[in-house]
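Colleague: Attaching a single structure in structure tokens format; questions to follow.
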Amino acid sequence: MKEPVFVSPAEIAASKAAAKRVKDEVYDLGLTYHIESYGCQMNEHDSEKIAGMMEEMGYAKAEDKSKADFIIFNTCCIREHAEQRVYGNIGALKKRKDENPQLMIGVCGCMMQQKDAGRQLFKRFPFVDIVFGTNELYRFPLLFEEAYHGERTLQVRDMDGEIAEGLPVCRNSTFSTFTNITYGCNNFCTYCIVPYVRGRERSRQACDVLAEAKQLIADGYKEITLLGQNVNSYGKDLTPRVTFSQLLRQINDLPGDFRIRFMTSHPKDCTKELLDTMAECPKVAKHLHLPFQCGNDRVLKAMNRGYTAEQYLELVHYAKAKMGSALSITSDVIVGFPGETYEEFQDTLSLVKEVGATSLFTFIYSPRQGTPAAKMDDPVSHKEKARWMAELLALQEQISAEQMQLHRGETFKCFVSGKGKLGDNYVAARTDGNLIIEFEGDDSLIGSFQNVKVIEPLTYVLRGELERN
Ligand code: 5AD
Ligand code: SF4
């Protein structure tokens, strides 16, 4: 694998210089921005970087979207539904732009990186000022500067992708946050558009990840989620090689009271060493988001997933043996991959029963232009797939409820994240496995770890009681 390519410090400096020039121009105008983010946590984190750059350009976050001076859509193209929503929302801004020509509008993210999509959108919506792809993120201030001076700007480069260090980040939360460890994906699952819009897999240097983690801990963050399309293959492109397990151990060894999360794990690269590491590192949340997508071996092969249902189960059994009831497993599942039969779908249901996941993220297959699966025969109707989906959801609901019952009487170390919904005097906390526990407690507990005992499992939330030390 080739070494990751970094954006040069000179290019980052040029981008920062553009931000400074914009700031000098707008500093006393009180301008505001609003970011509309679609899709996964990776995109959400990119939006935090866009926010960081906006603030460097002297813009403040708009309290009210309808009053923002700059609106940017950070798009997602993983499924068709996400795309349709974006088009609808951009179209709805035309009237506002007619009324207020000063309003600036931007569109960026994965959808713009698809073949011709950026160019077409630029043409179709002439009131959009800036369009750029995922490879352009670090250059955003340069593009913004041009657009601010009245020049509509379109930038989408088709390339393998680089790593840009040193971008400003304006984080949405003060206690729970993300950091990328890898970008891009090399797996080319046949249904998936991500490798085409996010480029080749590349790892950040361990020293950069560690420095950021240290800073986040010093800033008071209590939960750090390590992000990558396939975190398990972290470091394959680094010399000397650093494995994901080694990286986890190094972060776990940093001083401070915090929790480490990570996503997404790919079953084909998930090693027993990683599961041992999770079990052995007290700061690593015992939560494994390990998408199996499907339970039928023929379909898994057609998806190019690189494992069988049996191999997946072997990992799950190993993880459960190592981490016991502390472990929470979640997964993504695709229903109705082209050519999948109802009999084959039954294998997914069987796997769902055996895995006993806390929750599932379920999707009906959505053809993505340019992927191999989009060219496969897909004879089953959407209506029929929706029926299969309902079956899957009913089964998982029952399993999730059973899982919740298992926790009655258990005590969890939880992170108290905000106000609860069960009553005025309740606060809400999250377990390692992302279960929500609500308990009666003072607002001053928000932002801290507490031990909470489960009193009553409700449908989607556990009711608990603060355990006094
Ligand atoms: N159709 C439906 N679901 C998809 N996913 C990715 N591509 C598609 C598609 N074309 C799902 C997978 C993946 C999750 C992020 O989105 O389950 O794990
Ligand atoms: Fe898409 Fe597969 Fe890569 Fe995940 S691992 S981003 S599903 S290609």
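The values are calculated or read from the model by the stated rules, or taken from the named source; none is laboratory data. Model, not experiment: these values are computed from the prediction. Glycine also receives a Cβ, built like all others from the backbone with ideal geometry; neighbour counts cover every protein chain displayed. The area values use the complete protein model at the heavy-atom level, side chains included, leaving out ligands, DNA and RNA. Shrake-Rupley method; radii C 1.70, N 1.55, O 1.52, S 1.80 Å.
Colleague: Pull out all pairs, ordered by first then second residue, where Cβ-Cβ is under 7 Å, the residues are six or more apart or on different chains, the first lies in region 302-320 and is β-branched (Val, Ile, Thr) and modelled with pLDDT under 95, and the second is open to solvent by 80 Å² or more (accessible area, probe 1.4 Å) and within 14 Å of ligand 1 (Cβ to nearest atom).
Modeller: Matching pairs, first to second residue: none at all.
Colleague: Just need a number here: residues in region 339-398 that are part of a helix (DSSP H, G or I), of a type in the set (Lys, Arg) and within 14 Å of ligand 1 (Cβ to nearest atom).
Modeller: Residues that pass the stated criteria total 2.
Colleague: When ALA213 is evaluated against the numbered criteria (1) in contact (Cβ under 8 Å) with a residue 40 or more places away in the chain; (2) within 16 Å of ligand 1 (Cβ to nearest atom); (3) not hydroxyl-bearing (Ser, Thr, Tyr); (4) not in a loop (DSSP other than H, G, I, E, B), which criterion, by number, is the only one it fails?
Modeller: Here ALA213 clears every test but (2).
Colleague: For region 217-248, which positions are within 27 Å of ASP332 (Cβ to Cβ) and in a helix (DSSP H, G or I)?
Modeller: Result: VAL231, ASN232, SER233, PHE244, SER245, GLN246, LEU247, LEU248.
Colleague: Same structure again: Quickly run through region 436-469 and pick out the residues that are under 27 Å from MET278 (Cα atoms) and either part of a loop (DSSP other than H, G, I, E, B) or free of Cβ contacts under 8 Å to residues at least 12 places away in the same chain (or both).
Modeller: Result: ILE446, GLY447, SER448, TYR460, VAL461, GLU467, ASN469.
Colleague: Out of the residues in region 173-185 meeting the condition of being modelled with pLDDT under 95 and part of a loop (DSSP other than H, G, I, E, B), tell me which one is surrounded by the fewest Cβ atoms within 10 Å (Cβ to Cβ).
Modeller: Here the answer is THR174.
Colleague: Have a look at ARG119, ARG124 and point out the one that is of a type outside the set (A, V, I, L, M, F, W, C), touching a Leu at 6+ places or on another chain (Cβ under 9 Å), open to solvent by 10 Å² or more (accessible area, probe 1.4 Å) and farther than 29 Å from GLY30 by Cβ.
Modeller: Exactly one of ARG119, ARG124 is of a type outside the set (A, V, I, L, M, F, W, C), touching a Leu at 6+ places or on another chain (Cβ under 9 Å), open to solvent by 10 Å² or more (accessible area, probe 1.4 Å) and farther than 29 Å from GLY30 by Cβ, namely ARG119.
Colleague: Further question on the same structure: Of the conditions (1) surrounded by fewer than 17 Cβ atoms within 10 Å (Cβ to Cβ); (2) assigned to a loop (DSSP other than H, G, I, E, B), GLY433 clears all except one; give me its number.
Modeller: Result: GLY433 passes all but (1).
Colleague: Filter region 275-293 down to residues that are touching a residue at least 40 places away in the same chain (Cβ under 8 Å) and open to solvent by 20 Å² or more (accessible area, probe 1.4 Å) and give me whichever is farthest from PHE188 (Cα to Cα).
Modeller: It comes out as ALA279.
Colleague: Looking at region 300-330 only, could you name the residues that are of a type in the set (A, V, I, L, M), in a helix (DSSP H, G or I) and away from ligand 2 (no atom under 14 Å from the Cβ)?
Modeller: Passing the criteria: ALA309, LEU313, LEU315, VAL316, ALA319, ALA321, MET323, ALA326.
Colleague: Follow-up. Scan the helices (runs of 4 or more DSSP H) fully inside region 1-92 and keep the ones with 3 or more residues being exposed (fewer than 15 other Cβ atoms within 10 Å of the Cβ).
Modeller: The qualifying helices (runs of 4 or more DSSP H) are 9-26, 80-91.
Colleague: One residue is enough: does region 172-183 have a residue meeting the conditions on the phi > 0 side of the Ramachandran plot, within 16 Å of ligand 2 (Cβ to nearest atom) and touching a residue at least 60 places away in the same chain (Cβ under 8 Å)?
Modeller: Scanning region 172-183, I find no residue that is on the phi > 0 side of the Ramachandran plot, within 16 Å of ligand 2 (Cβ to nearest atom) and touching a residue at least 60 places away in the same chain (Cβ under 8 Å), so the answer is no.
Colleague: Please specify each residue of region 251-262 satisfying the condition of being surrounded by 15 or more Cβ atoms within 10 Å (Cβ to Cβ) and either among the hydroxyl-bearing types (Ser, Thr, Tyr) or within 12 Å of PRO282 (Cα to Cα) (or both).
Modeller: Answer for region 251-262, where residues must be surrounded by 15 or more Cβ atoms within 10 Å (Cβ to Cβ) and either among the hydroxyl-bearing types (Ser, Thr, Tyr) or within 12 Å of PRO282 (Cα to Cα) (or both): ILE251, ASN252, LEU254, PHE258, ARG259, ILE260, ARG261.
Colleague: Quick check: anything in region 155-165 touching an Asp or Glu at 6+ places or on another chain (Cβ under 6 Å), within 30 Å of GLN102 (Cα to Cα) and assigned to a strand (DSSP E or B)?
Modeller: yes
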